[in-house]
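We did not get these values from a lab; they are worked out from the coordinates using the rules stated. Note that the coordinates shown come from a computational prediction; the quantities given were computed from them, not determined experimentally. Neighbour counts are summed over all protein chains in view; Cβ atoms, including those assigned to glycine, are modelled from backbone coordinates with ideal geometry.
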2 protein chains.
Amino acid sequence: MANNMLIGQSGGPTVAINASLAGAIKRAMKSPQIGEIYGTLNGLEGVLGQRIIDLRKDLRSVEDFQRLQATPAMALGSCRFKLPEQPDETYEKILETFHRYGIGYFFYIGGNDSMDTVKKLSAYFESKGETIRCVGIPKTIDNDLPCTDHTPGFGSAAKYIATCVAEIVCDSEVYDIPSVTIVEIMGRNAGWLTAASVLARRENCTAPHLIYLPEAPFDPKRFLDRLRDLGRTTKHIVVAVSEGVRLPNGEYVATAKSGATDAFGHRYLAGVGKFLEDLVRERIGCKVRSVELNVLQRSASHLYSGTDIREAYRIGAEAVSFALSGKTGVMAVLHRISNHPYLVSYEYAGIGEVANLEKRVPREWIAPSGCDVGEELVEYLRPLILGEAKEMAADGVPVYFAFDKTPVAPK
Amino acid sequence: MANNMLIGQSGGPTVAINASLAGAIKRAMKSPQIGEIYGTLNGLEGVLGQRIIDLRKDLRSVEDFQRLQATPAMALGSCRFKLPEQPDETYEKILETFHRYGIGYFFYIGGNDSMDTVKKLSAYFESKGETIRCVGIPKTIDNDLPCTDHTPGFGSAAKYIATCVAEIVCDSEVYDIPSVTIVEIMGRNAGWLTAASVLARRENCTAPHLIYLPEAPFDPKRFLDRLRDLGRTTKHIVVAVSEGVRLPNGEYVATAKSGATDAFGHRYLAGVGKFLEDLVRERIGCKVRSVELNVLQRSASHLYSGTDIREAYRIGAEAVSFALSGKTGVMAVLHRISNHPYLVSYEYAGIGEVANLEKRVPREWIAPSGCDVGEELVEYLRPLILGEAKEMAADGVPVYFAFDKTPVAPK
């Protein structure tokens, strides 16, 4: 039986995806059943284009592994590649490459779409009588994969958001005039990231005062009423809003076109933060600004969560163990055992229960008002951001790990 | 002689301004010549509105001082208040408050405008035969104050920019298709902050590939030509651009209205990053995005520069010593003695040489091409970002210091 391993990354970057890569490689290195350890560049694209590299070669020391874990984005590169529904010549080409490289174990680190790939390939290999084992390793900052308590990558993004919102709150308070600050946070359909802004609250700091997730309808009129109410007691109001909030009719707020909600009479192309900023300026008239937390939400490795990186590393390692014990067509998952103390176990779920499905924030975890999160959600979030990043800087900037990306022929 | 001290903060926030406050208070506490230590809330507004607090009260332990140093924005609040050119009743009111509180030493931490206040007040007090000593303590992320080698607050902003650009570079490389990423950086007239993006370069990483400061004219046609040239050898191009870059005719690029440079035929209200993004999409047609580094450039205390915070603390302390030795109408400054090892001394400069003047990047520190920085500038920047932030987190988010802001009557 073929006993080499191939691993790839797919979908959008997270701060933790290289930690899962490191964990999988490390476990594989310790497993006598596994021969060569290959990586595919840009996910399936590398399989199809024969851009396959040797992963043992560059990872020689403990420090190499530590650096890889703390390197943002994706050390193997990514792709947005969806396999056709029915097996075709693309599937055949993939299998051919797997045969050439003697691949017996395949790992794909990614989100919903990547799990779709794991599902399709594992079914295809089985239908061909192949014993190649395919295991998915979850990652996404959006935390929207089902079957797992949370996804690696989410905790670091949540910590980044909590910290930056806390800093923006301080920044919003310097002048002695009433102000509204709107922070726009990623998450088109799921509000997990925006919910994490609640962790900026602390003793003597009730900001952010309003938190809007896409799971609850957003009514601009009620939003303005709430701001006016709050304004009576609070000089500096901070609002956290998901980019994906929608009007009661289901339309995205940021593209609302008509009616009382739109002060402009035309399609609005900027994000929801800018839209609400203009709305507040027009209707309330106080000092107002919006801040869009940008791509750093998914790539700010300097502010990773220690818990997140540790779990991402471990789930990568466990995925290898699952494959070695014969599992295929599964995704490794995190199961939360308890909050006090915070404990998780590493399990797996059938890939059919995961692929293409989306886990959103339960409505009962959002405050009845629709503009705050409930205590259950806070409890859920709290442990995920614990643990500070370790200093890995040289000359004041972080040091990253990079693989030699020269493709290798099968050994 | 009145021997109480009053200190205030003014202008925009920086990560280091509270460190200067901490340093000044600490030195004052150790000085038997100084009686009460007062702070004014929101700068001169607090003096005029009798919102003066007791600073000794809340700072009891070494830990309090450490927290204050690492707290972003301004612990005393700020204002944008410009004194009239000629002394009037506002000046009289200020002097009256100083008399009531027995103020003999006044410190103002701020940028150009705040130094204008120090200049006017010190001249006014002198003209009235008062012995009140007024000393300015510099801060600004823009690094545009003359007479000082650099300004406290700049090093931390520079470190934030270098780190985030390094992370954005990683993020820009994940997909195997040609792309241009434009990072817009603060600095309306001076390019120091944008120049700091160069520190993201390292072994095997030549990004950012193009760096545009406001001190060199920006020609959109040449910019596109350079992108096309670079595109032949570089798949993922990263551009750092100052919000303040201007066309050869002196107009801001982001508001350019006509001619070959504008693909839209109307006044463009978004920032220069968005403008260049649209230009590249229209004229080159490759994948392109822009990232605006937002207000976190001035408030991300989680990523402060150790050097910056140390210097900010010390310059606050030295300002107190200057006042005690009889100086007035001066600003404390940093003088760089050497780069290897990096050494500075703390001096002072006449406030007339500082107030309302702007220090820009010398043209000879910019590459002749106008789209990169020179080695001298890199040497200048390097030491300012050294030293990592100390862990001051609880529950995964930073812990901040806050004063009790209840005004006190004169003692």
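Points to keep in mind about this one:
- Between 0 and 90 degrees, the angle of helix A:112-127 with respect to the longest Cα principal axis of chain A falls at about 30 degrees.
- Distances in nm from A:Ala367 to the matching label points in the other copies, shortest first (labels 7 Å along Cα to Cβ): 5.2
- A point 7 Å from Cα along Cα→Cβ stands in for B:Ala123, and the other copies hold the same point at 8.1 nm, listed in rising order.
- 15 Å Cα-Cα reach of B:Lys221 towards aspartates and glutamates, excluding residues that sit fewer than 8 places from it in its own chain: B:Asp229, B:Asp262, B:Glu277, B:Asp278, B:Glu282
- Residue-span extension gain [A:Arg80 to A:Ala2] - 0.36 nm each, minus C-alpha spacing: 25.3 nm
- GNM result for chain B, Cα springs below 10 Å: residue of B:Asp64, B:Asp308, B:Asp113 fluctuating most strongly: B:Asp64
- Three-way shape call for the range A:1-135 based on the alpha-carbon gyration tensor, with the a/c threshold at 1.5: oblate
- Degrees separating the helix B:89-100 axis from the principal Cα axis of chain B, which is the longest one: 50
- Were the residues from A:Leu357 through A:Arg336 laid out at 0.36 nm apart, the gain over their Cα-Cα distance would be 5.5 nm.
- Mean projected area (nm²) of the alpha-carbon convex hull when the range A:285-335 is viewed from all directions: 6.7
- Structure note, pairs B:Lys327/B:Lys411; A:Lys119/A:Lys159; A:Lys235/B:Lys405; B:Lys26/B:Lys139: Cα-Cα distances above 21 angstrom occur for B:Lys327/B:Lys411; A:Lys119/A:Lys159.
- Prolate/oblate/rounded call for the range A:270-394, Cα gyration tensor, a/c under 1.5 rounded: prolate
- Antiparallel bridge percentage (DSSP; both residues within the range B:155-297; nearest 5): 10
- Charge context of A:Arg51, other residues only, Cβ under 14 angstrom, K/R +1, D/E -1: 0
- 3J(HN,Hα) from dihedral phi, the range B:221-235, Karplus parametrisation 6.51/-1.76/1.60, rounded to Hz, x for glycine, proline: 5, 5, 4, 5, 4, 5, 4, 5, 4, 4, x, 5, 10, 10, 6
- Long-range Cα-Cα pairs in chain A (distance over 42 Å), rounded percent: 19
- GluC sites (Glu not before Pro) within the range A:129-219, DSSP loop, no more than 14 other Cβ atoms inside 10 Å: A:Glu203
- Choice from B:Thr151, B:Thr71, B:Thr233 with maximal GNM fluctuation in chain B (Cα, 10 Å cutoff): B:Thr233
- Projected label distance in nm at B:Val378 and A:Lys93, using a 7 Å step from Cα toward the beta-carbon: 4.1
- Cβ-based net charge around B:Phe218, under 12 Å, with every Lys or Arg adding one and every Asp or Glu removing one: 0
- Summed side-chain charge close to A:Arg67 - residues other than A:Arg67 whose Cβ falls under 11 Å, Lys, Arg +1, Asp, Glu -1: -2
- Remark: chain A carries a charge dipole of roughly 280 debye about the Cα centre, counting +1 on each Lys and Arg Cβ and -1 on each Asp and Glu Cβ.
- Coarse-grained scattering of the range A:319-385 at q = 0.13, 0.18 Å⁻¹, given as base-10 log I(q)/I(0) from a Debye sum over alpha-carbon atoms: -0.55, -0.87
- Within the range A:388-402, backbone nitrogen closer than 19 Å to the virtual label 7 Å beyond the Cα of A:Lys57 toward Cβ: A:401-402
- Applying the criteria of a DSSP loop state and at most 13 other Cβ atoms within 10 Å to the GluC sites (Glu not before Pro) of the range A:307-376 yields A:Glu358.
- Gyration tensor (alpha-carbon) shape descriptor, the range A:113-159, a/c threshold 1.5: prolate
- Share, in percent, of DSSP beta bridges within chain B that are antiparallel, nearest 5: 35
- Under a Gaussian network description of chain B, with springs only between Cα atoms under 10 Å, the residue in B:Ser179, B:Ser20, B:Ser338 that fluctuates furthest is B:Ser338.
- Hydrodynamic radius (Kirkwood) for the protein assembly as shown, which is based on Cα pairs only, to one decimal in Å: 28.2
- Rounded to 10°, Cα long-axis angle of helix B:306-324 versus longest principal axis of chain B: 30
- DSSP bridge pairs, the protein assembly as shown: antiparallel proportion in percent, nearest 5: 35
- Förster radius 56 Å - calculated FRET efficiency between A:Ala123 and B:Arg228, Cβ distance, rounded to 0.05: 0.80
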